[in-house]
Every structure is written in C-alpha cells, then in structure tokens.
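Written out below as structure tokens is the structure these notes cover.
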Amino acid sequence: MKRQQPRWKLFLFDLVFYLFTALFIFVLYPTTIDKLTTLETILHIAFAGVCIFALRFLFNIYNRIWRYAGQADYLWLVVADFIGGLAFVLLRHFISATKVTFVRAVSLICLNLLGAICMRLVYQFAYQNRNHSSKVQRKILQFFQFVSGVEFTQEDATPENRKIRIAIIGAGSVGAMLAEELLNNPKAVYKPVCFVDVNKGKVGRMISNIPVVNNVSDLNDFDVQEVVFALPNTGDERRRELFEIYKGRGYKIKVYDYPSLANTDGRRQLRDFAIEDLLYRRTVNVIDEKTAAWYRGKSVLITGGGGSIGSELARQIAKIEPARLTLLDIYENGVYDIQQELRQRYPNLNLRVEIANVCDKVVIDRILKDHTPDIVLHAAAHKHVPLMERNVIEAVQNNVFGTLNMVEACERNGVKRFIMISTDKAVNPTNVMGATKRMCEMIVQSRKGDTTSFSATRFGNVLGSNGSVIPLFRRQIANGGPVTVTDKRITRYFMTIPEASQLVMTSGAMAKNGELYVLDMGQPVKILDFAEEMIRLTGLEPYKDIDIIETGLRPGEKLYEELLIRTEEMDKTENELIFIERDKPLSEVEINEKLGILREALATGHNAAVKEALKKVVPTYHAPEEVNGRHNMDN
C-alpha cells in the first residue's frame, strides 16, 4: 500500500484542481444560455469527473513517475483527457433534462488538462533544478514533495566552477538531446554554453536557453574549453574539415554518437574522438531485417570464436536469437571471455563452447554431429604476417588444411552453409599468410555445393583487432614514443570490427555457392597520417612531443593492399557496398593436385620447401620486392 500512496496523493491533488476548475466554469462564470439547478450542476461536474479520471486510470497516468516524464507521458495524458472529454461531451444530454452547452463542456475539459500539464511541468522543473534552485523553486519543490510523498534530496552535484564548458557542433535533434541530457544531470562534468550551426534559420536563437552561433570565432565569447560533434549525418569531407578547423584552434574534440567498435546498448554516448573517426568514413551498417531473419532460429557454429572477428560475430548473432550458438576455438582464454560476456547479456541464449583444433578430423566430426549446425562461420586462422613468414608449415597446416578439414566435415555432416573469412592480403599475395588465404578461397570456390553451399568474404584491416596497428601505436604513445611505422609510404584499407562481422553475415545470407564477396571499403588510409592523428588526439604534437620513425618493411609486407574494387569488373549484389569477384573456380581435380603438392612439401618438414610449393599452387604469389618495385615505378 505504501508504494501506491504517491499515486493517490497526486490523484487527490488533480481532483481538487478539477473541482476548482468546475466551480469556475459552472458557478463563477455565469451564462444566460443554460441555467442549471444546483443538482444539475453537481451531476454535470460529477459525470465529467468520472469520464476524465476513469480514462486517466485506464491509461496508467497515475502510475507514471512524472519527475522523469517525457513527451510520450504528456501525450498519453492528453489522449486520456481527450477521450474522457469526448465521452462527456457526447453523453452530456443524458445527464438531465437541462443541456449544458458544448462550449462550457469543452472549456472544463481544456482548462483542467492545461492545469494538469502545467502542474507537472513545474514539478519537473523544480526537481531538475533542485541542486541550484532559488527560494521560490525550493518552496515549489517542498509542495510537490508533499503531493508525491517522495523526498527529493539534493544529489552531489558537480560545482559550476569545475564544469568543462563545451560548444555543441550541430544544433539539430542530436545536439539538443545532448544539451538536455547534460543540463538535467547535476553530476555532469560538462556544461553546454553554446551551439554552432551553419543553418541561418537557427543562428541567433536559443535551444534550452543556450544560444546558437555560426562561427568558430564566436566561441571565444563563451570561454569554450572543448567542442562536441553532434553531427551523425555529416559527410566525410565536411567531418574532415571540421576536425581540422577545431583541432587547429587547440580545442579538444569529443563526439556524441554511438560507440565506435561495439555498440552494446544502442544508445548514443559522449565519447572521445576515436581512432576510427580518423578514417573520415561513416561506419557501414549492412545488416537489415532480411539478413537477421535468415540467421534467426538457426544453429550457428563459429570457428575462431574467441578471436577479434569471431567474438564480434558471436555478439551480432546472439542478439538476433539463434536456436543455438556454438563457439569453437583452440585458445581457451579468448573464447572464455566472450562466453561470459554473452551469458551475462543474453541469459536465455543457447550457448555452447568447444575447445578444439580445426585440423583434427575426428574431433571436428564429433562436434558437428553433436551440435548439428545449419551455418558454419569459419574465422579460425593464423593471420600475423611476419610470424607466418617464419612458420610456413604451421600456416599451411592450419589455414589451408584446417579450412579443407572444415569444408569436408561440413559436407559429411549436412551443414547447409559454410562461410569463410578471407583478407585483402589474398589478392596478389606477397606473403605466406596471404597465399594460404588465397588457397583457401580456391578450395571454397571449387566445391559443388550439393550438400553444403560455400562462400568466402574478403575485407581489409580491422581496427582494434589483435595485432592491428592501433594497440601498438597506443602503447607506444603511452610510453612516450617513438611511434614506429615500417614505411611512411604504406597505405591500408580499414574497417571496424562490427562492419567486418556484419559483412560476413550479410554476404553469407545472400550466397548461393562458390561466390567470393568483396566490400567497397572506400579509400585507403596512409598509415603515417594515421599515426600523426593518433598522437594529436592525445594532445601531443608529432615529431615534437612524440617522434615517428621508420623501421623498414617486414618480411612479406606490401606497400599497399588490393581489394580489386573495380565495379565495372565485378558483379553487383542487392547491397550497394558488396560485390562478387568474377573469379573462375578451379575444378576439384585441379584443387586436389595443388593440395597434393602442398602435402609433399609438408612431408619434408622444411619451411623453404613449403614456401616454394605455395608459389607453385598460388600463381599470383610474388615476392614483395617485385610487387613493391612495380608500385614505386607506377608512382
């Protein structure tokens, strides 16, 4: 009963206000059109009150916490009173022989609704400003404390002189949302002091009592310390221009947007300008309801489930409700972490974990028989280029024959779809890792698809993945430098982990058999520019506070990577960012011949022999010196 007390107190307050409104309409505001007796007046007031309050209870108006009310809460209050008032207006003729006028009936409904809304707005304002309110506001708040039965204690607010003064770049709905959030949070360490917008219709006006200006030079008048980009739909070039303008004036930049690498809760966050933002390309979200529906209710197995891509695939699939999700990995620590994360976030998820080597035929067969997956996402692979240059045997055994083992096991056990993750390094490879992935692509493309349909998805470097440049640069900057790049001319294609995972899922859902999918990843990024901007984001100056040095190309490393996105030479898909490589598949006989060459080389136990065998079976595999030399001549 105690929990219902605040609701009834608010109801009684509304009832008292309604009676005063009715007294004014029917008694203190006389009219010659309808003259009601005392009994008729009481009947009309009582009947109108029953209609209004019955609908308010029906729409749960008194179960809402009004100090946190939003637009929807006020809308439901209006809807409830509108329907209740409409019922009274339509039925007023049946109350007594004397008819109350339509104008008088509507006046009662509207004035009462206006009063209820105003009272709640004043209540909200007093509550939100309880930490720095005037004497009048405090008196109002004390009154509403009595009405609601809830004591509103002051929170530990951040002192005004310790708040960081920010300018919000973008006076649209997202910027206004951020300002309102900060103003209503007494603990917020940021204080919005102005908006900046190029829309002349907004300049000179106010949003939440915060002025809108249109020039960066105006920020000096507001003593701005940091700026926040609230521009979710701004084009790449404009974002680059804004970054350079505000960074050039010494402002620390933040972004009010979705998390860059892992959007875990679907809400915007005020975050630091992230490394991914240096790409100046909007994160691509390629999963639609059609793709989600294709995975929903199916049993999915992910090899390499504890890795960067595998774990993100697990997150993406877990949230679209598969019948079963199985994670397979040989490294238990990584897969254990994602297992615990998914169990906490999705307690009803049918999640299984298997520790196994993809090269083990017996174990893989047992796992596929036990879990009967409909879809296998093959992310398990050795991917570190320099390490694989020195461990050629292991690279071929794990990448090539591990993939072959998974392919054949899926066919034997009736798996419907097999999706392999490839890399841009498989295009004209200059290293062992890229050559093994190209061989894997050829294996996948050669299968007939009688039992299982096969596809491969190729993309570039993944931001934040294990072994990527970002963790390395971040550690080097934290240690005071220097930041190392192998060659200042190097360029790379980049994408975020969620983008890479969603691409795999989307292309897998649209695959028929034997396709090699490629993502249009935009323009390549120069690693040197990337390093310089990372240093600037920490508030330091490249070459002054943190040096950048060249260490020389690593074994097998290219100056540039190729995705071969030439739309006139590729087949389009229903997704404008995904293309199909026109690559004639080899027959299974030809593939078996190539596998035989690799098996013979592996039997020698010598890395050099296996590397030579790779060059025979992958005709596009060339020495990095040859490819980099051609690149230098072209430039």
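The values are calculated or read from the model by the stated rules, or taken from the named source; none is laboratory data. Here the structure is a predicted model, which is why all the values come from computation and not from measurement. A quick note on method: Cβ atoms are made from the backbone with ideal geometry, for glycine too, and the neighbour counts reach across all protein chains shown. Please note that ligands, DNA and RNA were not included when accessible areas were found on the heavy atoms of the full protein model with its side chains. Shrake-Rupley method; radii C 1.70, N 1.55, O 1.52, S 1.80 Å.
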Working only within region 478-492, note down all residues that are open to solvent by less than 40 Å² (accessible area, probe 1.4 Å) and closer than 12 Å to Phe530 by Cβ. Val483, Val485, Ile490, Thr491, Arg492
Result of the Cβ filter at 8 Å on region 417-439, keeping first residues that are in a loop (DSSP other than H, G, I, E, B) and partners that are among the small types (Gly, Ala, Ser), at least 6 apart or interchain, is Val427/Gly434; Pro429/Ala435; Thr430/Gly556; Thr430/Ala623; Asn431/Gly556
When region 228-250 is checked residue by residue, the ones that are touching an Asp or Glu at 6+ places or on another chain (Cβ under 9 Å) and under 16 Å from Arg165 (Cα atoms) are Phe229, Ala230
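Among the listed residues Ala601, Ala608, which satisfies the condition of being modelled with pLDDT of 85 or more, under 30 Å from Gln397 (Cα atoms), open to solvent by less than 40 Å² (accessible area, probe 1.4 Å) and of a type outside the set (Ser, Thr, Tyr)?
Numbers: Ala608 fails: open to solvent by less than 40 Å² (accessible area, probe 1.4 Å).
Among Ala601, Ala608, only Ala601 is modelled with pLDDT of 85 or more, under 30 Å from Gln397 (Cα atoms), open to solvent by less than 40 Å² (accessible area, probe 1.4 Å) and of a type outside the set (Ser, Thr, Tyr).
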Of all residues in region 285-317 being in a loop (DSSP other than H, G, I, E, B) and open to solvent by less than 30 Å² (accessible area, probe 1.4 Å), which is modelled with the lowest pLDDT? Val286
Could you grab me the full set of residues in region 215-232 that are at pLDDT below 85, over 18 Å from Tyr256 (Cβ atoms) and not in a helix (DSSP H, G or I)? Asn215
Output the residues belonging to region 53-72 that are part of a helix (DSSP H, G or I), of a type outside the set (Ser, Thr, Tyr) and buried (at least 16 other Cβ atoms within 10 Å of the Cβ). Phe53, Leu55, Arg56, Ile61, Trp66, Arg67
Which ones in region 402-434 are open to solvent by less than 30 Å² (accessible area, probe 1.4 Å), farther than 25 Å from Glu312 by Cα and either among the aliphatic types (A, V, I, L, M) or in contact with a Ser or Thr (Cβ under 8 Å, 6 or more places away or on another chain) (or both)? Pro429, Val432
State which residue is nearest to Cys359 (Cα to Cα) when the search covers only region 308-344 and only residues that are touching a Gly at 6+ places or on another chain (Cβ under 9 Å) and among the acidic types (Asp, Glu). Asp329
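Can you tell me which residue in region 577-598 is nearest to Met495 (Cα to Cα), limited to those that are of a type outside the set (S, T, N, Q) and without any contact (Cβ under 8 Å) to a residue 12 or more places away in the chain?
Start the filter on region 577-598 by keeping residues that are of a type outside the set (S, T, N, Q), which leaves 577-586, 588-591, 593-598.
Still in the running and without any contact (Cβ under 8 Å) to a residue 12 or more places away in the chain: 584, 589, 593, 596.
On the way: Lys584: 27, Val589: 36, Glu593: 36, Gly596: 36 Å.
Filtering first and then ranking leaves Lys584.
Give the residues of region 194-214 that are open to solvent by 60 Å² or more (accessible area, probe 1.4 Å) and either part of a strand (DSSP E or B) or touching a helix residue (DSSP H, G or I) at 6+ places or on another chain (Cβ under 9 Å) (or both), sorted by residue number. Spell out the reasoning first.
Going residue by residue through region 194-214, those that are open to solvent by 60 Å² or more (accessible area, probe 1.4 Å) are 198-200, 202, 204-206, 209, 214.
Within region 194-214, Met206, Asn209 qualify.
Could you grab me the full set of residues in region 41-76 that are closer than 14 Å to Leu15 by Cα and not aromatic (Phe, Trp, Tyr)? Spell out the reasoning first.
First pass over region 41-76, keeping only residues closer than 14 Å to Leu15 by Cα: 45-57, 61-62.
Within region 41-76, Ile45, Ala46, Ala48, Gly49, Val50, Cys51, Ile52, Ala54, Leu55, Arg56, Ile61 meet the criteria.
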Let me spell it out: the conditions are (1) open to solvent by less than 50 Å² (accessible area, probe 1.4 Å); (2) at pLDDT 95 or above, and Tyr621 meets all of them except one. Which number is the exception? (2)
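Pick out, from region 471-556, the strands (runs of 3 or more DSSP E) lying fully within it that include 1 or more residues that are modelled with pLDDT under 85. It would help to see each step written out before you state the result.
Numbers: elements: 483-485, 494-496, 515-519, 548-550.
Passing ranges, in order: 494-496, 515-519.
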When residues of region 532-542 are filtered for being within 13 Å of Lys488 (Cβ to Cβ) and touching a residue at least 60 places away in the same chain (Cβ under 8 Å), how many remain? 0
Of the conditions (1) buried (at least 17 other Cβ atoms within 10 Å of the Cβ); (2) at pLDDT 90 or above; (3) of a type in the set (D, E, K, R), Glu590 satisfies every one except a single condition; which number is it? (1)
State yes or no: is Arg474 within 18 Å of Phe273 (Cα to Cα), surrounded by fewer than 18 Cβ atoms within 10 Å (Cβ to Cβ) and of a type outside the set (S, T, N, Q)? yes
